[in-house]
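Here, each number is a calculation from the coordinates, and none is a lab measurement. Since the structure is predicted, the reported quantities are computational estimates derived from the model, not experimental observations. Ideal geometry is used to build each Cβ from the backbone, glycine not excepted, and the neighbour counts take in all protein chains shown.
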Amino acid sequence: MIEVIGIIGGSGLDKADILKNAKEVKIETPYGKPSSPLVVGEIAGKKVAIISRHGKKHGIMPSNVNNRANIWALKDQRVKHVLATTACGSLREEITRGMIVFPDQFIDWTSKRSSTFFDKDKVCHIPMADPFCQKLRELLIEKAKELKLSHRPEGVIVTIEGPRFSTRAESNMFRKIGGDIINMSTVPEIVLAREAGMCYQAIAMATDYDCWRAEETVDIATVLEVFKSNVENVKKLLLETIPKINFTECDCQKHIDGAIINVGED
């Protein structure tokens, strides 16, 4: 069985122009419609499926993204490895605009989202101590070095509910509790991927300094402008990394084993 590599396209990077022999695939899931149809094609002989997190026209706000349907749709296409692109705010002076960060930890500051597939008859206590895939992250770091891309090999990403941006007090709080970058999309996407037996790694591009800097604020126009001006770097990174994804087993894919409790069983 051919395994498929999934790309979740975030703000400014949800086009399928990096694929060859691309075709659109519409999928119905038990959780409703995904944010967009999948576009399935090839990169260097590898089968790849892309989904647009916020829809083709970026019309779905963060809290309304149907993460369960999106991950289910990727699983339906036999996806085992997920690369998720996302714009993010920098909470550190040294993480500059346009820099790519490969987070290794997250802090969940969301409150309204469905974060499990097992909400009826079963309970899933999925391990998340090391939430991102180390193998995928190492491949991305290696390629970022080869391409001489400005990057940071690790970091803590804070996911807030949105759609509003943070207050200065909140932004400074996130810095104090250990956050390095901040976005509105990684959680529960990453949790659901772990429940689905997938490896998941975010590719986060810093577009702004949030608002912890006294002289700065953040707005969506700036976010999209910076992302657009640096999007070719992310495309190059994907095109170089995807052909190197050749591992078929990983601890990420095994954490679901033994994590489920059937309600009513002794």
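Our coupling estimate for the stretch 180-188, obtained by passing each phi through the Karplus curve with A = 6.51, B = -1.76, C = 1.60 and θ = phi - 60°, is 10, 9, 9, 8, 10, 9, 5, 9, x Hz, Gly and Pro reported as x. The amide H of I107, built 1.01 Å from its N in the peptide plane, has I157, V158, T159 as neighbours under 5 Å, considering only residues 5 or more places off or on other chains. Based on the Stokes-Einstein relation at 4 °C and a viscosity of 1.567 mPa s, and on the Kirkwood radius from alpha carbon pairs, the stretch 4-262 is assigned a translational diffusion coefficient of 71 µm²/s.
Peptides 173-179, 72-78 ranked from most to least packed, by the mean per-residue count of other Cβ atoms within 10 Å: 72-78, 173-179.
Considering only A196, A144, A221, the mean-square fluctuation computed in a Gaussian network model of the chain, springs between alpha carbons under 10 angstrom, is largest for A221. Within the chain, antiparallel bridges make up roughly 35 percent of the DSSP beta bridges whose residues both belong there. Could you tally the net charge around D108, taking each other residue with its Cβ under 14 Å from the Cβ of D108, Lys/Arg +1 and Asp/Glu -1? Taking every Cβ under 14 Å from that of D108, the sum is +1.
Candidate cross-link partners of K46 among the lysines, defined by an alpha-carbon separation under 21 Å and a same-chain spacing of 8 or more, comprise K15, K20, K23, K26, K75, K80, K135, K143, K235, K236, K244. Rounded to the nearest Hz, the phi-derived 3J(HN,Hα) couplings of the stretch 42-52 under the Karplus curve 6.51 cos²θ - 1.76 cosθ + 1.60 (θ = phi - 60°) are 9, 10, 6, x, 8, 7, 9, 10, 10, 10, 8, where x marks glycine and proline.
Near M99, the amide H atoms lying under 5 Å from its own belong to A206; only residues 5 or more places off or on other chains count, and H is placed 1.01 Å from N. Each residue of the stretch 100-111 was assigned a 3J(HN,Hα) from its phi angle through the Karplus expression (A = 6.51, B = -1.76, C = 1.60, θ = phi - 60°), giving 9, 10, 10, x, 10, 9, 9, 10, 8, 10, 8, 8 Hz with x at Gly and Pro. Residues whose amide H falls under 5 Å from that of A84, counting only those 5 or more places apart or on a different chain, are I8, Q201, A202, I203, with hydrogens built in the peptide plane.
Going by Cα centres, the stretch 70-136 and the stretch 12-63 are how many Å apart? The stretch 70-136 and the stretch 12-63 have Cα centres separated by 17 Å.
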